[in-house]
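This report refers to the structure that appears directly beneath it.
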Amino acid sequence: MPVEHPVFAGHFPGNPIVPAALLLDEMVCAIASANSLPMNDCSISSAKFYSPVAPGESLNLRVAVLDNTTVRFEVCAGTRLVASGYLSVQAVERL
């Protein structure tokens, strides 16, 4: 996310970080898009944040399908774990 993005005007001036809600939204969009799932089929069951993300920082998303309805995700910046959690999916059979 570029530092010029409007979300950084208030989150936080002088020391911007990517808001957790925006990070989760991007993660759900990426999983849904990569697996041709409607966004309505995905919901976040749990999420934990370990480290803030700076504007423009490159992130990697790792996904593991655990069963017919659960996907585990991890978001990393290089080797640093940024966030992890579980996504409930109504249509995992398409993954």
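The values are calculated or read from the model by the stated rules, or taken from the named source; none is laboratory data. The structure displayed is predicted, hence computed values, not measured ones. Cβ sites come from the backbone with ideal geometry, for glycine too, and all protein chains shown count toward neighbours.
List of remarks:
- Filter result (closer than 27 Å to Pro13 by Cα and part of a strand (DSSP E or B)) within segment 39-60: Ala47, Lys48, Phe49, Asn60
- Top-ranked residue in segment 12-25 [being surrounded by fewer than 15 Cβ atoms within 10 Å (Cβ to Cβ) and modelled with pLDDT under 90; ranked as nearest to Ser43 (Cα to Cα)]: Phe12
- Restricting Ala32, Ala64 to those that are at pLDDT below 90 and touching an Asp or Glu at 6+ places or on another chain (Cβ under 9 Å) reduces the list to Ala32.
Yes/no matrix, rows are residues, columns are (1) surrounded by 12 or more Cβ atoms within 10 Å (Cβ to Cβ); (2) of a type in the set (Asp, Glu):
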position: Gly10; (1), (2): no, no
position: Ala32; (1), (2): yes, no
position: Ser45; (1), (2): yes, no
position: Pro52; (1), (2): yes, no
position: Val63; (1), (2): yes, no
position: Thr70; (1), (2): yes, no
position: Glu74; (1), (2): yes, yes
